[in-house]
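Okay, structure first, notes after.
All of the numbers you see were taken from the coordinates with simple rules; none came from a lab. What you are looking at is a predicted structure, and each value in this text was computed from that prediction instead of being measured. Every residue, glycine among them, receives a Cβ derived from its backbone with ideal geometry; neighbour counts consider all protein chains shown.
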Amino acid sequence: MGFSLIDFAHSILTVERLNVAIDAAQLLSDIDLQIEQGEIVSIIGPNGAGKTTLLRAIAGDFFHTSHRVSGDVQLAGRALDQWPIADKARHVSFLPQFSSLNFPFIVFEVILMGRAPHSTGDTEDRRIVAQVAEMMDLTHLLSRNYTQLSGGEKQRVHLARVFAQLWAEQGHEPRVLLLDEPTSSLDYKHQYDVMQAIQNFAKQGVAVIQVMHDVNLAAQYSQKIVGLVGGCMKFEGGVEAIMQPQMMHALFGITVDVVRNPSSGLPVIV
């Protein structure tokens with residue numbers, strides 16, 4: 001499709017000294033991250049480590065809550081909270097783990113919601129919906145009632161919606177996709193299809209930050225892995241450095257062996 005990576009003067013997303021607390025509980029402590037354009041970063045860690053909290057904090061999801069947030073999140077060198085809401089919606093998209101939608105929209109209409117921040121016109125928006133629906137194996141479901149879909153089908157619909165929200169034929173502007181457990185509820189085939197689609201989307205210049213419980217799946221489709229424990233960053237690095245027995249023990253308290261995926265050559269824990 002002719003997409004090219006564009007160099008920015010800054011990392012596309014920078015997180016500095018990010019802290020989140022609620023009442024007496026410290027949920028995140030001094031998180032520092034730099035995400036580059038086109039990079040896929042997977043956040044792993046045990047339950048309660050702060051993975052979802054980190055995504056929500058980056059997205060600015062705590063603005064109207066009792067959470068206390070401090071630190072700095074910058075998009076392309078500009079504080080994210082200084083971006084006008086309409087502009088931010090064209091550059092940052094957040095898919096939570098659970099998306100509640102109980103109205104009888106058809107699938108096409110749900111995906112089309114992702115184009116709301118744009119003014120590209122009906123013809124272009126319909127073309128984009130068709131493209132992302134094909135990517136998510138949803139073309140045959142576009143006229144179906146969303147509420148009648150399975151959990152996995154609904155998950156793919158919402159992924160298509162956030163893809164549509166960030167879709168741009170020219171990748172000249174910063175775009176960040178935040179995904180919380182994007183493969184939950186999916187069978188093996190659709191896990192593979194979704195991760196391939198995310199990887200291809202990143203190649204268009206989109207920075208992807210995703211929470212993953214499947215460490216092996218994260219390793220196959222990430223350039224960087226971040227490990228959280230108790231709201232603190234335990235480690236950050238490339239796949240080869242992180243997929244080591246000592247790292248997994250520090251993170252999950254388990255003993256593992258590391259072997260090589262015979263197809264990709266990447267490390268897999270067993």
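Once backbone amide H atoms are built at 1.01 Å from N, ARG144 has VAL107, PHE108 as its partners under 5 Å, excluding neighbours fewer than 5 places away on the same chain.
Quick check: residue separation of GLU173 and LEU266 times 0.36 nm, minus the Cα distance between them. What number comes out in nm?
30.3 nm
The stretch between ALA89 and GLN131, if pulled fully straight at 0.36 nm per residue, gains 13.1 nm over its current Cα-Cα span.
Taking trypsin sites (Lys or Arg not before Pro) as exposed when their DSSP state is a loop state and no more than 16 other Cβ atoms lie within 10 Å, the longest site-free interval of the chain runs over 1-143. Here the extension length gained between ASN200 and ALA24 equals 59.2 nm, from 0.36 nm per residue of separation less the Cα-Cα distance.
Under a Cβ-Cβ cut-off of 15 Å, what is the net charge of the residues other than ASN102 that fall near it, where Lys and Arg count +1 and Asp and Glu count -1?
Values: positive: LYS154; negative: GLU109.
Once all neighbours under 15 Å are counted, the net charge is 0.
Extents of the chain, taken as max minus min of Cα coordinates on every principal axis and listed largest first, are 52, 45, 38 Å. Modelled label positions at LYS234 and SER70, each set 7 Å beyond Cα in the direction of Cβ, lie 2.6 nm from each other. Under 5 Å between amide hydrogens, built in the peptide plane, is the criterion, and for LEU13 it picks out ILE35, ALA76 among residues at least 5 positions away or on other chains. The average projected area of the stretch 90-219, computed from the convex hull of its Cα atoms over all directions, is 7.4 nm². Computed over the Cα atoms of the stretch 1-112, the ratio of the radius of gyration to the Kirkwood radius (Rg/Rh) comes to 1.00. Karplus-based coupling profile of the stretch 55-64, in residue order and whole Hz: 4, 5, 5, 4, 6, x, 7, 9, 4, 10, with θ = phi - 60° in 6.51 cos²θ - 1.76 cosθ + 1.60 and x standing for Gly or Pro.
In what order do PHE201, PHE235, PHE163 fall by count of nearby beta-carbon atoms within 10 Å, going from fewest to most?
The most exposed by this proxy come first: PHE235, PHE201, PHE163.
Computed over the stretch 161-260, the percent of Cα pairs more than 23 Å apart is 34.
For the stretch 56-150, the convex hull spanned by the alpha carbon atoms encloses 138 Å³ per residue. Look at where the Cα atoms of the stretch 159-204 and of the stretch 13-53 average out, and the two centres are 20 Å apart. When you work out D = kT/(6 pi eta Rh) for the stretch 112-157 at 10 °C and 1.306 mPa s, using the Kirkwood radius from C-alpha pairs as Rh and the Stokes-Einstein form, the result is 140 µm²/s. May I ask for the net charge around THR52, where only other residues with Cβ less than 11 Å from the Cβ of THR52 are counted and Lys, Arg are +1 while Asp, Glu are -1? Around THR52, the charge tally is -1.
Charge tally for THR65 (other residues, Cβ to Cβ under 15 Å; Lys, Arg +1; Asp, Glu -1): -1.
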